[in-house]
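Note sheet for the following structure.
The values are calculated or read from the model by the stated rules, or taken from the named source; none is laboratory data. Quick caveat: nothing in here was measured; it's all calculated off a predicted structure. Here the Cβ positions follow ideal geometry from the backbone for every residue, glycine too, while neighbour counts run over all protein chains shown. We work out accessible area using only protein heavy atoms, side chains counted, and drop any ligands, DNA or RNA first. Shrake-Rupley method; radii C 1.70, N 1.55, O 1.52, S 1.80 Å.
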Amino acid sequence: MQYKRLGKTDMDISIIGFGASPLGSVFEPADEAEGIKSVDYAIDHGINYFDVAPFYGLTLAETRLGKALKGKRNNIFLATKCCRYGENDFDFSYNSVIQSVDESLKRLQTDYVDVLQIHDVEFGTMKQVLNEAIPAALKVKEMGKARYIGITGLPVRYLAQIVRFTEVDTILSWAHYNLLEDEINDELVPLSKEKGFGLINASPLLQRILSDSPIPSWHRSPQPVKDMQHKLITLCDEYGVNLGDVANRFAIDHPDIATTIVGMSKIKNVERNIKVLDFTIPNGLLLRIEKLVKPVKNMMWFEGNPENNIPKTNLYKTNI
């Protein structure tokens, strides 16, 4: 395993992070015993960064991860989230953050998390995120219940807009650095260097499109993007390699991203993800992939409040 410093924190974290959402049966029913074994296997093989949220499995992922980490908490870095609690259940208020942390700590069977993240900020107003959620997270940090704080979200330009108005320790951007998307490079990478926050990438498989697993029925990618799965699998087959391995290797090779969060709940998946560290993408394959996906490159759906959907060519200034 390789490790990178997460921004200005004191944490050297594994370049592959354990995404715990599958423990909450987000993609398919997950066996709890197998999930606990997968956490053990991950720790034994050098993964030391675990990311979870109350939203994943409606608290089930946190509960299961808490059980799995019992007796091992001091060996890993733990990140959870607040403010999103269901598909359409959001609360970015000050009091909600304070209450949510205590509930998460109980489920996770610990008295602190290393990183507390405001979850999916695009569903809140910028005013409330900046004036309530982040100050509350800073209070949690002051209380010793979180060592660092951050924000997460889908629209990269909105994440960049928020971080220009405040100071956070980490930003988690999901689905914006993979074989089909690279907009994390436009603003977040330069800003991470300018401001010193740790940059985290999640969903390198774009919620299974960049793998040989079935695409979930709820996936919101445009159909032309989904249609790329079969074409990419066929292309990778020509080289005798697995699409998921290529996608994960590509993502973790980004020099400015501290860790790439990969969802896991089975030992075989953890084992495969770790083996990617010894995998080399065949010569010429990335060039062919780049040409193949060019018609749909960065064809991303949008989530959250419409006013938070900042066009790439129209970065605006916001009154907060």
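Do we find a residue being in contact with a Gly (Cβ under 6 Å, 6 or more places away or on another chain), aliphatic (A, V, I, L, M), open to solvent by less than 40 Å² (accessible area, probe 1.4 Å) and within 23 Å of THR170 (Cα to Cα) anywhere in region 55-62? Among the residues of region 55-62, at least one is in contact with a Gly (Cβ under 6 Å, 6 or more places away or on another chain), aliphatic (A, V, I, L, M), open to solvent by less than 40 Å² (accessible area, probe 1.4 Å) and within 23 Å of THR170 (Cα to Cα), which makes the answer yes.
Just to check your reading of the model, which residue among PHE90, PHE123, PHE50 is surrounded by fewer than 23 Cβ atoms within 10 Å (Cβ to Cβ) and either over 27 Å from MET264 (Cβ atoms) or without any contact (Cβ under 8 Å) to a residue 40 or more places away in the chain (or both)? Working first, answer last.
Numbers: PHE123 fails: either over 27 Å from MET264 (Cβ atoms) or without any contact (Cβ under 8 Å) to a residue 40 or more places away in the chain (or both); PHE50 fails: surrounded by fewer than 23 Cβ atoms within 10 Å (Cβ to Cβ).
Going through PHE90, PHE123, PHE50 in turn, the sole match is PHE90.
Test ALA136 against the criterion of being under 22 Å from VAL52 (Cα atoms), touching a residue at least 24 places away in the same chain (Cβ under 8 Å) and over 19 Å from the mean Cα position of the chain (by Cα), and give yes or no. Considered against the rule, which asks whether it is under 22 Å from VAL52 (Cα atoms), touching a residue at least 24 places away in the same chain (Cβ under 8 Å) and over 19 Å from the mean Cα position of the chain (by Cα), ALA136 comes out as yes.
A quick yes/no check of all residues on (1) small (Gly, Ala, Ser); (2) assigned to a helix (DSSP H, G or I); (3) open to solvent by 10 Å² or more (accessible area, probe 1.4 Å):
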{"position": "GLU28", "(1), (2), (3)": "no, no, yes"}
{"position": "ALA33", "(1), (2), (3)": "yes, yes, yes"}
{"position": "ILE36", "(1), (2), (3)": "no, yes, yes"}
{"position": "ILE43", "(1), (2), (3)": "no, yes, yes"}
{"position": "GLY66", "(1), (2), (3)": "yes, yes, no"}
{"position": "GLY71", "(1), (2), (3)": "yes, no, yes"}
{"position": "ALA79", "(1), (2), (3)": "yes, no, no"}
{"position": "SER96", "(1), (2), (3)": "yes, yes, yes"}
{"position": "LYS106", "(1), (2), (3)": "no, yes, yes"}
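From the list GLY196, GLY240, the lone residue that is in contact with a Pro (Cβ under 9 Å, 6 or more places away or on another chain) and small (Gly, Ala, Ser) is GLY240.
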